[in-house]
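The next block holds one structure in the form of structure tokens; read it before the comments.
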């Protein structure tokens, strides 16, 4: 590339004044030169993907339950559109595996609930049960125990059409809204994503609506005459046994619940839902709460032309990604803030100068996305002043700590024409993040001390993680941010460091809550510890280096399968991917292993697998919504993380001269 005076092209030639020039230590095998060239190609590719408003956003792929439930919602509301149905069915069929099943991640095993929901959606689209692809699916479903063995959420969708009995589902009473904030199982004991889903579902559970089913589903039962065989009871002395008995009591309560009390509870839930609708009509910027909120409000008498309903339905259309082949995929969420801050970091660390117009536009857009009003997090932190960033375009109720940390790190890399504005936003973000520290010294994603042991025990909550305890990856990002802000020795940072050190596995790795899995956790924590002043010779850092070297693939890359959340043999093992290789490299580079064989092999793998346009291909899912239960393929991960790793390999670690060693860590 050739640098220009205005910086509009040729971005790599000059970097921020504080950054170093490329290190003049070209290796004999040409890895350094290859890395520099790969970084230049990647920079051009990433710059070309920026929206004119300043943001980046990659597709966020999950699984076909999003698409199936979208069709079921439209069937329930009577708003089917032939073109939408046809396009959704085209996508769902394209995701079916050879054995007739649907998985929840690339090369994963068939998933019963996903397969049932996809099958039903295709029936709604007109596919006949005797067609080969449908008969393979129904046979597999019966082999796995049929509808009766599926998760609660799948059976709720079927109950909406009379394909399952409401009496055979766990109760979720709207009186839950009356529980005070200190009581067990109050709605703020649930993680924000679960809270936003459970509140509308209390109305659905109370109303028990049934729309006429357009066809039977007898072929999905092991015994159509007895579709809901009794489930094996849990031991009476266990927590599961306690909550099973509680559910039986709630079924009895339903029969005698005072009508006035129930009506008041449902109206309270309606107010709660409407108060949390975002300006774009969505709820929390994620699709599932929006779907259930629309259903709940409709059941409470809101017609489809009501402004709240109209805005909600319009917001759901914005989750649709239309593909060139005519297929329509539904994103569970959209990640523009996350993608933009990661892209900014990647470009800055890869040599793009700090005042480049692309970085300034990105900073301007991120500054406009700052959240400066209270949200649900004030329940646990009522006196904390607002600040921070959310993940999505519109989600002012739920800023998250992970995004806030990375946005601050991104803004700190930009030379903005209004530095006072940058400083003020960073100051608010840092203050808010510090105030969200949990009692144990670590950080969760959305709430402080969201660690109740009870929500996950509810029979209703079998769809994945429903609480938001602190995690090593989020805590690592906050510690890194605080270190860059000159707070390595601050008691808040030191508590975070101590917690991270205590959470290291015997192997030397860290568990990855929001990315797959130990490679992500380790790639998040090691750079943070080193940024905060721990030397590369620290025992924790050396154990992490040893583990990463031990799980490097023969081809030089790193990969970890999602099954590592369930099966120990998969920990650190899987096909090499661009994002996971980059995470490992970020840890090794931070630990001082730049000239080591493992780093050179990893960098060479990134260079050799880069496509001609400067991008990487990555079909594997490396993002995590709920460990094992809900997996994500962030399509921009394959671009931003390899570029960050290559940039740090070529230019060195950012901010290396700005940290102080914390005492007593």
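Tilt of helix 419-435 relative to the longest C-alpha principal axis of the chain, in degrees (0 to 90, nearest 10)?
50
For segment 478-575, compute the orientation-averaged projected area of the C-alpha convex hull (one quarter of its surface), in nm².
Numbers: hull surface 25.4 nm².
Spelled out: convex hull of the Cα atoms, projected over all directions, averaged, 6.3 nm².
Give the whole-number value, in cubic angstrom per residue, of the convex hull volume spanned by the C-alpha atoms of segment 601-655. Don't jump to the answer; show the numbers that get you there.
Working: hull volume 6.4 nm³, N = 55.
Cα convex hull per residue, to the nearest whole number: 116 Å³.
Going 7 Å from the Cα of residue 130 in the Cα-to-Cβ direction, what parts of segment 204-226 have a backbone nitrogen less than 16 Å from that spot?
What the label zone holds, given the 16 Å backbone N cut-off, is 216, 218-219.
Quick one: pull the percentage of alpha-carbon pairs in segment 389-477 with a separation above 23 Å.
Values: 1304 of 3916 pairs.
Here the long-distance tail beyond 23 Å is 33 percent of all Cα pairs in segment 389-477.
Based on the mean of other beta carbon atoms within 10 Å per residue, what is the order of 429-438, 227-236, most packed first?
For the peptides 429-438, 227-236, the packing ranking is 429-438, 227-236.
Taking only Cα atoms, what is the 0 to 90° angle, nearest 10, from helix 31-48's long axis to the longest principal axis of the chain?
Rounded to the nearest ten degrees, it is 50.
Tell me the mean residue ellipticity at 222 nm calculated for the chain from its helices only (DSSP H runs of n ≥ 4, each -39500 (n - 2.57), averaged over every residue, nearest 500). Please report the intermediate quantities before stating the final value.
Working: 22 runs with 299 residues, N = 665.
Only helices count here, giving -14500 deg cm²/dmol.
If segment 387-436 were replaced by its equivalent ellipsoid, with semi-axes equal to the square roots of 5 times the Cα gyration tensor eigenvalues, what would those be, largest first, whole Å? Could the numbers behind the result be given before it?
Values: eigenvalues 69, 29, 18 Å².
In descending order the semi-axes read 19, 12, 9 Å.
Divide, for segment 100-169, the radius of gyration over alpha carbons by 2.2 N^0.38 Å, where N is the residue count. Kindly include the intermediate steps, with their values, before the conclusion.
Numbers: Rg = 11.9 Å, N = 70, 2.2 N^0.38 = 11.1 Å.
Cα-based Rg divided by the globular estimate yields 1.08.
With N set to the number of residues, divide the alpha-carbon radius of gyration of segment 310-434 by 2.2 N^0.38 Å and report two decimals.
Numbers: Rg = 16.3 Å, N = 125, 2.2 N^0.38 = 13.8 Å.
That ratio works out to 1.18.
Where the convex hull is taken over the Cα atoms of segment 46-87, what is its projected area averaged over directions, in nm²? Kindly include the intermediate steps, with their values, before the conclusion.
Details: hull surface 18.9 nm².
That works out to 4.7 nm², a quarter of the Cα hull's surface.
Using every Cα-Cα pair within segment 574-639, state what percent have a distance larger than 17 Å. Before the final figure, lay out the partial values.
Numbers: 1008 of 2145 pairs.
In whole percent, the share of Cα-Cα pairs in segment 574-639 beyond 17 Å is 47.
Report the Cα-based extents of segment 520-572 along its three principal axes, largest first, to the nearest Å.
Rounded to whole Å, the extents work out to 34, 23, 15 Å.
Rg(Cα) of the chain divided by 2.2 N^0.38 Å? Please report the intermediate quantities before stating the final value.
On the way: Rg = 25.2 Å, N = 665, 2.2 N^0.38 = 26.0 Å.
Expressed relative to 2.2 N^0.38 Å, the Cα Rg reads 0.97.
Taking the square root of 5 times each eigenvalue of the Cα gyration tensor, what semi-axes in Å does the equivalent ellipsoid of segment 230-366 have, largest first? Don't skip to the end; give the middle numbers.
On the way: eigenvalues 366, 110, 53 Å².
Each semi-axis is √(5λ); the values are 43, 23, 16 Å.
Using 0.36 nm times the number of residues separating residue 251 and residue 423, minus their current alpha carbon distance, what extension gain do you get? Write out the running numbers ahead of the final one.
Working: separation 172, 0.36 × 172 = 61.92 nm, distance 5.49 nm.
Length gained between residue 251 and residue 423: 56.4 nm.
Stretch residue 231-residue 507 to full length: gain in nm at 0.36 nm per residue minus the Cα-Cα span? Don't skip to the answer; put the middle values down first.
Values: separation 276, 0.36 × 276 = 99.36 nm, distance 3.87 nm.
Value of the extension gain: 95.5 nm.
Can you tell me the FRET efficiency between residue 239 and residue 107 if r is taken as the Cβ-Cβ distance and R0 is 35 Å, rounded to the nearest 0.05? Before the final figure, lay out the partial values.
On the way: r = 35 Å, r/R0 = 0.99.
For residue 239 and residue 107, the calculated efficiency is 0.50.
Under Stokes-Einstein, with the Kirkwood radius over Cα pairs standing in for Rh, what whole-number D in µm²/s applies to segment 212-274 at 20 °C and 1.002 mPa s? Walk me through the numbers on the way to the answer.
Details: Rh = 15.6 Å.
The calculation lands on 137 µm²/s.
When the Cα atoms of segment 282-361 are enclosed in a convex hull and the volume is divided per residue, what value in Å³ results? Intermediate values should be presented prior to the final figure.
On the way: hull volume 10.8 nm³, N = 80.
It comes to 135 Å³ per residue, whole-number rounded.
Over the C-alpha atoms of segment 98-232, what are the Rg and the largest Cα-to-Cα span, Dmax, in Å?
16.9, 54
Output the Cα-based Rg and Dmax of segment 170-288 in Å, rounding Rg to one decimal and Dmax to a whole number.
That works out to 17.3, 48 Å for Rg and Dmax.
If you average the alpha carbon positions of segment 400-461 and of segment 85-147, how far apart do those two centres end up, in angstrom?
39
Starting from the eigenvalues of the Cα gyration tensor, five times each then square-rooted, give me the equivalent ellipsoid semi-axes of segment 504-548, largest first, whole Å.
On the way: eigenvalues 57, 29, 9 Å².
So the three semi-axes of segment 504-548 are 17, 12, 7 Å.
Take the Cβ-Cβ distance between residue 597 and residue 139 as r, set R0 to 51 Å, and report the resulting FRET efficiency rounded to the nearest 0.05.
Working: r = 50 Å, r/R0 = 0.99.
The computed FRET efficiency comes out at 0.50.
Each reported figure results from applying straightforward, stated rules to the coordinates on display, with no laboratory input. Small disclaimer: the values here were computed from a predicted structure and weren't measured. Cβ coordinates were reconstructed from backbone atoms using ideal geometry, including for glycine residues, and neighbour counts include every protein chain displayed.
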